[in-house]
Structures are given as C-alpha cells and as structure tokens.
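Just so it is clear, none of the values below were taken in a lab; they were calculated from the coordinates. It should be emphasised that the depicted structure is a prediction, and the values quoted were computed from it without experimental measurement. Because the Cβ atoms are built from the backbone with ideal geometry, glycine has one as well, and the counts that use them run over all protein chains shown.
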Amino acid sequence: MTFPELSGYLDRLESTTSRNDLVKTLAELYTKTSPDEIQPLTYLIQGRLVPFFEPVEIGLGEKLVVAAIAQAFGTPLDDVAKLFGRVGDLGLVAAQLAGHGSSSALPVTEVHARLMDIAGAAGAGSVEKKRSLFAALLKHADSASAKHLVRIALGRLRLGIGDPTVLDALSFARKGDRSLRPVLEAAYNRVSDLGLIARTFWAGGEPEVNALEVTVGRPIRSQLAERLPNPEAVIKKLGPVAVQPKYDGIRVQIHKSGEVVRVFSRNLEDYTRMFSELTAAARGLTDDTLILDGEAIAYSKELEEYLPFQLTASRRRQHGIEQAARELPLVAFVFDILYRNGRDLTDLPYEERLALVDEVIAGSTVLLPAPIIKTDSVEVLTKTLLDYISQGLEGVVVKRPDSKYQAGARNFNWVKLKRHTSGELSDTVDLVLLGYYFGKGKRAEFGVGALLAGVYDAENDRFATITKLGTGLSDAEWRQIHERADTLQVDQRPARVDSILVPDVWLKPEVVVEVMADEITPSPRHTAGKVGDEPGFALRFPRVVSFRGADKRAEDATTVHEIAELFRQQRERKQPA
Ligand code: ATP
C-alpha cells in the first residue's frame with residue numbers, strides 16, 4: 001500500500017460521523033494491507049510510530065515544520081508563516097502548497113521507516129537533520145499526503161480511533177463481523193501493542209494471537225476495581241476478603257529483565273526515567289525477570305506519613321527530573337506480581353501472588369509490600385477502613401483472595417471503598433467533555449456557558465452524554481476550559497460521540513473532569529445507558545471537583561457499565577430488600 005492510498009482512507013475516516021462507518025472503512029483499509037504493512041499502518045492511523053508504551057517521539061515542533069514546509073516547496077519562510085496565521089492548521093498549509101507537486105507514491109512502510117529515522121536523530125546537528133529529512137519526505141507528497149504527514153509529525157493526527165475500534169475493524173476485515181473481538185482484546189490486554197496484534201493476526205490468524213504471551217518489557221493492561229457503597233455490601237457480595245490500604249498515588253507497573261528496568265503508568269506511558277528511584281530499586285532485586293504492580297507515592301519516612309496526591313503528581317514532569325527525585329523521593333507499595341523468572345503468574349490465586357511479592361522485594365527500602373488483613377467480618381472491615389482513613393489514606397481496596405489477575409478487567413475481584421459513604425453517590429465519577437454551550441451573563445466573558453459531559457461506553461468504543469455541567473469551577477478554571485476547548489473544537493459531532501443534545505460547539509473527547517453528584521436519575525435526554533426507547537442516565541446536581549491531569553485518557557473515564565452499576569446500588573439502598 002502506498003502512502004497516498006492510506007491518505008485517501010485517512011480523509012474518509014476524518015469525515016466519518018458514525019462509529020459503524022469508522023469500523024467498516026478501517027476494515028476495508030485493512031483488507032488491502034499485507035502482514036508487513038499492517039503493523040506500521042496500525043500505529044500511523046493512531047498518529048504514532050510505535051505502541052503507546054514506547055517513548056519514541058518524532059520531535060518536530062511547529063517552527064521546524066514551518067521551516068521544513070518552506071524548504072520542501074521552495075516557498076519563502078515568511079509566506080509559510082503568514083499562511084499558517086491565516087489558516088491555523090499546518091496540515092492544511094502543507095496541503096495547499098503541495099497541491100501542484102507531482103506525487104511520487106512512497107510505500108507506507110518506507111514513509112514509516114523515514115519517520116522513524118527522523119525520530120531517531122539525536123545529538124549535535126539533529127535539528128537540522130530532522131528538518132531536512134522531513135522536507136525530503138514532503139517534497140514529493142501529494143496534497144492529502146502532505147496534510148497527514150504534517151499532522152503525524154506534530155502529533156495532531158487524531159482521527160478519534162480508539163483501541164476497541166481497531167480491534168473491531170481487524171475482526172471485521174477477516175470475518176465480516178465483530179466475533180473475533182474477544183480473542184483480539186484478550187491478547188491486547190496481555191501485550192498492549194495493537195500493531196503487534198494486527199501483524200500476528202494477519203500472519204498467523206487466531207491461534208497465533210492466542211499464543212501471544214505476557215512478556216517483560218511490554219506492559220500488561222491493569223486490573224481495575226469496582227465500587228461498592230459500604231462494608232456490609234462488600235462482605236455480602238464477596239465473602240472473605242483480603243483488605244489493603246488504598247494509596248492515593250500513581251499506578252506503576254515495574255518490569256525487570258536483568259539490568260534493564262522499565263516503569264509504566266496505568267495508561268501505558270513510560271515513567272522509567274521520571275521515577276528513577278523505583279527503577280534503581282528494581283534493578284537491585286535478585287530475580288532475573290519480574291513484573292510487579294503497585295502504587296508509587298510520596299512518603300515521608302521520618303514522619304511515617306503518606307503525602308497528598310498533588311505532591312506525588314508533581315513528580316510527573318519532563319524537566320528538572322533529578323532535582324525533583326532528590327527533593328521528593330517516591331516509594332512504591334507493591335500489591336501484585338505478574339511474572340517471575342520466565343513464568344507468567346497471573347493465573348495464581350491472589351494470596352499466593354502476594355506471598356511471592358513479600359519474598360521478591362524483601363529488604364528493599366523503596367519497594368515496600370502492601371499489607372493485607374484477611375476477614376469476613378463487617379466490623380473488622382469497617383474498623384480497618386476508618387483506621388486507614390485516619391492515617392491519611394484514601395480508603396481500602398478489597399480483593400478476592402483466590403482470584404486471578406485479570407488484565408484490563410474491572411470487576412468484583414477488586415473493590416474500592418472510600419471515605420464518603422454517607423451521600424447518595426458514594427464516589428466521584430470521571431467525565432469526558434464533549435461540547436459546550438455559549439454562556440449568558442457573567443460566564444459569557446469566558447466564552448463557555450455550560451459543558452456537555454459524558455461517560456465511556458467501552459463495549460462499543462463510544463462516548464455517551466450524561467449531564468450538563470455548570471457549577472464547581474472558579475473563574476480561572478472556566479477560562480482554562482475555554483483555552484483547552486479552543487484546541488479541541490471540531491465542526492461536526494465526532495463519530496464516536498453519541499448524543500441527543502446538540503451543543504453550540506462540539507469538542508474532541510479528550511479532557512476528563514472529576515465530578516461529584518447527588519444521585520443518578522433516569523433521563524430520556526441523555527444517551528448513557530440508553531437502549532432503544534428506554535431512558536438513559538443523568539446526574540442530579542453535578543459539580544466539578546477537579547480536572548484530571550495527564551493520568552486519565554478519555555477512554556479511562558467512568559464507563560456506562562459503572563454508571564448502571566452505581567444506579568443499581570443506589571436503588572437497593574433506597575428500597576432495602
Ligand atoms: P480512583 O480515581 O478512585 O483512584 P481509578 O479510576 O484511578 O480510581 P480504580 O480501578 O477505580 O482506578 O481503583 C484502583 C486504583 O487504585 C488502582 O489503579 C491503583 O492506582 C490504586 N490503588 C491504590 N492502592 C491500591 C491497592 N492496594 N490495590 C490496588 N489498587 C490500588
């Protein structure tokens with residue numbers, strides 16, 4: 001497949017307004033690719049060169065791209081800059097200037113390899129090198145190709161293709177339906193690399209995909225926790241449980257292979273360099289290969305005190321990493337082990353895994369074992385919860401002692417219990433901003449009146465609306481939202497957004513906010529949980545509590561499934577059996 005052919009598909013995908021068409025178009029594109037092409041192509045359609053967990057960046061900023069465009073098309077730099085000022089999108093600028101060029105159709109694999117060369121250029125003279133390599137690539141591109149090349153280079157090719165959409169499309173391309181999605185998804189949960197899944201599926205079919213194993217160096221998708229309202233509900237539903245503190249820090253998955261250690265975040269980013277003290281501590285462990293799961297948190301050993309989340313979060317930075325590590329060192333409370341010396345441990349019962357954790361990290365002062373208390377008593381659970389809260393922890397996570405580690409799953413093998421248990425909704429939810437309405441009066445100054453927010457429908461890879469948001473934000477935060485919204489604004493409803501309401505401005509689903517509400521009510525106006533003529537769900541008296549930073553992608557927001565479960569729990573509390 002040539003890059004111009006791919007660009008034609010990217011154009012089609014960009015203008016699609018229905019998620020079904022997204023899957024079908026992508027499936028059609030896949031049917032035209034060979035096993036060699038499918039891997040790079042899968043990264044490219046998500047605007048990347050490698051899987052999410054590999055820290056490879058093309059490293060071309062706007063200024064360099066402007067210079068490369070000027071060089072490629074022999075246009076004076078000033079003219080390019082002026083055009084950019086008028087059009088506001090460098091992709092469109094490149095498309096305009098490339099318009100007349102004769103296109104030489106490079107294969108997708110070649111374009112990918114050249115972009116990798118650009119990403120790999122480092123050291124003295126690398127800026128020059130990146131610019132001229134990119135200019136050379138643009139020079140012979142046709143208009144659509146130039147547009148997409150520029151967007152990929154700037155990290156702005158966001159067609160809104162979520163991971164489940166890619167999996168559906170792969171299944172569709174081979175089978176004509178979604179029936180292989182579970183097989184592909186299970187493999188994805190083990191290896192977190194869509195390109196690898198695609199190539200394996202294309203070359204070896206279902207059996208080879210099933211044979212993809214947990215591997216050190218590739219993050220496993222994190223197991224997540226369900227919610228229950230109180231200790232009674234927990235013991236009733238789970239019986240005997242292993243109770244652990246819920247640390248309010250940052251999830252880390254630590255991979256060790258000999259001297260090589262890598263640390264991954266919950267959404268698959270590479271934190272190896274950022275959390276260097278954890279990396280060093282893992283390197284010192286005696287086992288040859290390991291995968292550990294835990295929570296990194298700033299902890300004062302002198303005071304024996306857990307520090308607030310904001311302090312831990314301040315360690316997520318790109319600059320001044322060493323100084324920050326000295327001033328505010330982290331520890332990691334390790335609560336799971338998934339792999340040891342060549343053996344996948346995810347099928348072992350939790351209790352056995354935790355016993356191995358103690359053995360593996362014994363003696364470390366940075367990697368510390370998360371304690372457990374085993375109980376089937378509501379009193380003991382309640383007391384433990386209150387005790388941990390008084391120590392400054394968030395609450396508890398209870399786990400089924402005999403459960404496997406289910407990669408990527410959110411189920412009742414793990415349940416979180418937090419502090420607020422009195423209100424109707426016992427926990428906050430994370431919502432994705434989908435659009436906004438122009439304000440009247442004071443808020444109009446900030447350009448945003450109310451926000452339309454939604455939850456994630458993980459099954460169908462869509463975003464469904466659940467509420468409008470108008471309160472809880474300071475003036476400064478409204479202004480901040482308006483600024484973010486400016487860069488996310490789109491002309492039409494994104495294909496993955498499902499909404500009855502039509503806001504004044506649609507947004508690409510990217511910003512996640514934490515919201516508290518009084519209760520969940522049925523509503524015919526919202527699409528979250530809506531099936532046929534049945535009403536969906538809405539939030540009553542929602543208020544924004546905080547912006548979620550980089551730790552949550554839109555796909556990590558609260559799901560429709562969780563809302564339905566919270567609604568069920570709320571109804572049970574109102575009408576005790
Ligand atoms: P929240 O926003 O409530 O922290 P979340 O949406 O980030 O939750 P959940 O799956 O709901 O994620 O809650 C589990 C998270 O709690 C884990 O991802 C992990 O970061 C954190 N955590 C803290 N302590 C533990 C523990 N002992 N066991 C498991 N997870 C823990």
| query | Under a plain spin-label model, where a point goes 7 Å from the Cα along Cα-to-Cβ, how far apart in nm are Ser18 and Thr521? | reply | 3.3 nm
| query | What nm value, rounded to one decimal, do you get for the distance between Ala280 and Glu28 when each label is placed 7 Å out toward the C-beta? | reply | 5.6 nm
| note | For region 224-418, shape from the Cα gyration tensor axes a ≥ b ≥ c, cut at a/c of 1.5 then a/b versus b/c, turns out oblate
| request: Starting from the Cα of Ala105, step 7 Å toward the Cβ, then list every residue of region 7-31 with an amide N under 13 Å from that point. | output: 7-9
| note | At R0 = 30 Å the Cβ-Cβ FRET efficiency linking Val545 and His319, nearest 0.05, sits at 0.60
| note | Taking only C-alpha positions in the chain, Rg and Dmax in angstrom work out to 24.8, 77
| note | Taking placed amide H atoms and a strict 5 Å upper bound, the residues 5 or more places from Ala538 or on another chain that come that close are Thr521, Ser523
| field | Principal semi-axes in Å for region 3-154 [√(5λ), Cα gyration tensor, largest first] | value | 25, 19, 14
| query | Taking the mean number of other Cβ atoms within 10 Å as a proxy for protection, how do you rank 496-505, 378-387 from highest to lowest? | reply | 496-505, 378-387
| said: Apply the Karplus curve 6.51 cos²θ - 1.76 cosθ + 1.60, θ = phi - 60°, to the phi angles in region 176-187 and return the couplings in whole Hz, x for Gly and Pro. | reply: x, 8, 8, 5, 8, 4, x, 5, 5, 5, 4, 5
| Whole-Hz ³J(HN,Hα) from phi, Karplus 6.51 cos²θ - 1.76 cosθ + 1.60, for region 50-65, glycine and proline x | 9, x, 3, 7, 8, x, 9, 10, 5, x, 9, x, 4, 4, 5, 5
| message | If I fit a long axis through the Cα atoms of helix 560-574 and take the longest principal axis of the Cα atoms of the chain, what angle between them do I get, 0 to 90°, rounded to 10? | response | 30 degrees
| Expressed as an acute angle from 0 to 90° and rounded to the nearest 10, what is the orientation of the C-alpha long axis of helix 3-15 relative to the principal long axis of the chain? | 60 degrees
| field | For Thr2, residues with placed amide H under 5 Å, excluding near neighbours | value | Val108
| remark: At 4 °C in a medium of viscosity 1.567 mPa s, region 429-574 has a Stokes-Einstein diffusion coefficient, with Rh taken as the Kirkwood radius over alpha carbon pairs, in µm² per second, of 85 µm²/s
| said: Taking R0 as 35 Å, what FRET efficiency do you get between Lys404 and Asp177 from their Cβ-Cβ distance, rounded to the nearest 0.05? | reply: 0.75
| query | Around Leu473, which amide H atoms from residues at least 5 apart in sequence, or from another chain, sit under 5 Å from its own amide H, with H modelled in the peptide plane? | reply | Val544
| request: Would you please classify the overall shape of region 452-528 from the alpha carbon gyration tensor, given that a ≥ b ≥ c denote the square roots of the eigenvalues, rounded means a/c under 1.5, and beyond that prolate means a/b larger than b/c while oblate covers the rest? | output: oblate
| Quick one: which of 148-159, 260-271, 75-86 comes out on top by average Cβ neighbours within 10 Å, and what's the full order, highest first? | 148-159, 260-271, 75-86
